[in-house]
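The values are calculated or read from the model by the stated rules, or taken from the named source; none is laboratory data. None of the values given here were measured: they were computed from a predicted structure. Note that we place each Cβ from the backbone using ideal geometry, even for glycine, and neighbour counts take in every protein chain shown. Remember, those area values only see protein heavy atoms, side chains included, never the ligands or the DNA or RNA. Shrake-Rupley method; radii C 1.70, N 1.55, O 1.52, S 1.80 Å.
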Amino acid sequence: MDTYDVLVIGGGPGGYVAAIRAAQLGFSTACVDDFTRDGKPSLGGTCLNVGCIPSKALLDSSEKFEMISHDAAEHGINVQGASIDVAKMLGRKSSVVDKLTGGVAFLFKKNKIKSFSGLGKLVRREDDGWIVDAAGTEVKAKHVIVATGSSPRRLPLAPFGGNIVENSGALELSAVPKTLGVIGAGVIGVELGSVWRRLGAQVTVLEALPGFLMTADAAVSKEALKQFQKQGLDFHFSVNITKVEDSGKKVSVTYEEGGKSVSAEFDKLIVSIGRVPHTEGLGASDVGLELDERGFVKIDDHYRTNLPNLYAIGDVVGGAMLAHKAEDEGVAVAELIAGQAGHVNYDVIPWVIYTSPEIAWAGLTEQAAKDKGLNVKTGQFPFSANGRALGHGDPRGFVKVVADADTDRVLGVHMVGPNVSELIAEAVTLMEFGGSAEDLGRTVHAHPTLSEALKEAAMGVGKMAIHM
Ligand code: FAD
Ligand code: NAI
């Protein structure tokens, strides 16, 4: 039987990164992953295959289409008859995915990681190792890392299939639907709703909660909602879905809103109501692996499960279901196994929503800081007063810095506007080093750049903003 120091179950951002870091640290390492695309093994998990990467590729294509069709004229560029070739757009998206998933396979070879394609199942503990069925072959490993990710939460009223799709299906619509319904105004709802709206779909978003993006800072979610509604996304809050029927041609959705029963018909329906941990087929109950009441693998601060030398990371352990959180846990767990001080700072995990305008934040919202009893001061700077944003033709949104009024330490940074997916990194670095608003405000930023809006917001905390 082949024996490894470390075996990783799951080859998504958590698992493949853990495998690479383990190999770098000198462990003999293997990874078993069951994801396939077009019948072929495809490493990279949800993120690379049907999540982060393909959604961003489509967001980019659709944003360019919208820019050319509607916004170019403002720059004096007249384009007539712009049209979208959906098949070509999907083909480009697939080739981006191919490049990156192939890249993971290349990195596995480079790091001498044995790759098994198929299901990984915990079988039993023997001597001081784990016997794992790796795609039909029993192997032994001293340490096992479970990184089996998550899958879309199902709405029993609206089973996936036909015109009712989850994230994978929503990334593969072969034509632009005239009408698109989205259940869930979360991250997938607004990103993929935006893609198809830009290409011409009339999009209706049905959300159970009374508000929009309720974990974001209130000022950011208010501004983002205003911008998305202006673009034509039709949001309905506090709805209760009561019936969903797919006739094959159309999907009809009945929901209660404001005490009334309303029916709507859509060509396609995306159900994006969150994700659930994926432990199916893992053999968790056979070996006594403890899960919590929601099905997440239970771990301690060092990613240790209730069983010896069995660790878990990424979406399957809960917390922020984000690729970068999973990746950093992958690095940390490998280092902990090696006896090093692997660590993830959960207080400063950036969230980014790749709509237009983009939304990004890290750290505490103003309200969360106040709820913690902290004495808070804030600074806010609009992109409408930023030269680069005006030059771009996109002065929507603002940057808001939340700082501790007693120490000036930055507690959170919240942004909605152009390219804030990139701007947030500076705020994360500052917070990681415990920086103050004044540190940020007195750091020289190139002119003219969007990053000056962050500097000015930080200066605003001390009432020193120059350009407003
Ligand atoms: P996964 O990526 O889910 O990987 C788990 C892998 O394990 C999969 O390949 C799965 O098939 C495999 N597996 C499961 N069970 C077994 C088994 N028993 N044996 C073998 N293999 C198994 N996050 C971001 O940070 N940024 C984004 O822009 C972003 N966009 C997203 C867009 C969409 C549409 C979706 C759905 C998600 C998005 N996410 C994004 C979330 C991100 O994809 C996840 O947080 C991330 O993929 C989690 O990584 P993971 O390694 O824990 O799990
Ligand atoms: P989500 O948790 O972001 O949003 C789900 C929404 O559905 C919530 O607003 C919830 O209130 C609503 N909802 C739940 N049940 C409902 C019901 N029965 N009827 C109507 N609304 C209902 O989940 P989503 O959008 O499915 O995405 C899953 C996860 O994937 C995200 O939370 C995030 O972790 C990750 N992701 C990250 C992205 C990024 O980083 N840019 C992009 C896409 C996904």
Within segment 178-194, restricting to residues that are within 8 Å of Asp267 (Cα to Cα) and open to solvent by 10 Å² or more (accessible area, probe 1.4 Å), the one that is farthest from ligand 2 (Cβ to nearest atom) is Lys178
Which numbered condition Pro159 fails, given (1) surrounded by fewer than 21 Cβ atoms within 10 Å (Cβ to Cβ); (2) away from ligand 1 (no atom under 15 Å from the Cβ); (3) closer than 30 Å to Pro382 by Cβ
(3)
If we keep just the residues of segment 224-234 that are surrounded by fewer than 21 Cβ atoms within 10 Å (Cβ to Cβ) and outside any strand (DSSP E or B), which is nearest to ligand 2 (Cβ to nearest atom)?
Leu225
One residue from Ala141, Ala134, Ala185, Ala175 being aliphatic (A, V, I, L, M) and within 12 Å of ligand 1 (Cβ to nearest atom)
Ala134
Identify, by number, the condition in (1) more than 8 Å from ligand 1 (Cβ to nearest atom); (2) surrounded by 19 or more Cβ atoms within 10 Å (Cβ to Cβ); (3) farther than 30 Å from Lys230 by Cβ that Thr355 doesn't meet.
(3)
In segment 99-117, anything under 26 Å from the mean Cα position of the chain (by Cα) and surrounded by fewer than 16 Cβ atoms within 10 Å (Cβ to Cβ) is listed as Lys99, Gly102, Gly103, Phe106
Residue check for Gly258: among the small types (Gly, Ala, Ser) and closer than 23 Å to Ala362 by Cα
no
Can you confirm whether Cys47 is touching a Pro at 6+ places or on another chain (Cβ under 7 Å) and closer than 21 Å to Thr148 by Cβ?
yes
Would you list the strands (runs of 3 or more DSSP E) that sit entirely within segment 253-339 and hold 2 or more residues that are under 22 Å from the mean Cα position of the chain (by Cα) and within 28 Å of Val203 (Cβ to Cβ)?
268-271, 275-277
Of the conditions (1) outside the structural domain of Ala326 (by TED's automatic domain parsing); (2) within 30 Å of Tyr4 (Cα to Cα), Glu138 fails just one. Which one is it?
(1)
Consider Cys52 carefully, then state whether it is open to solvent by less than 40 Å² (accessible area, probe 1.4 Å), within 15 Å of ligand 2 (Cβ to nearest atom) and of a type outside the set (D, E, K, R).
no
Single match in Ala72, Ala141, Ala134, Ala147 (criterion: open to solvent by less than 20 Å² (accessible area, probe 1.4 Å) and within 16 Å of ligand 2 (Cβ to nearest atom))
Ala147
Among the residues of segment 310-337, the number that are among the hydrophobic types (A, V, I, L, M, F, W, C) and either open to solvent by 40 Å² or more (accessible area, probe 1.4 Å) or within 11 Å of ligand 2 (Cβ to nearest atom) (or both) is 6
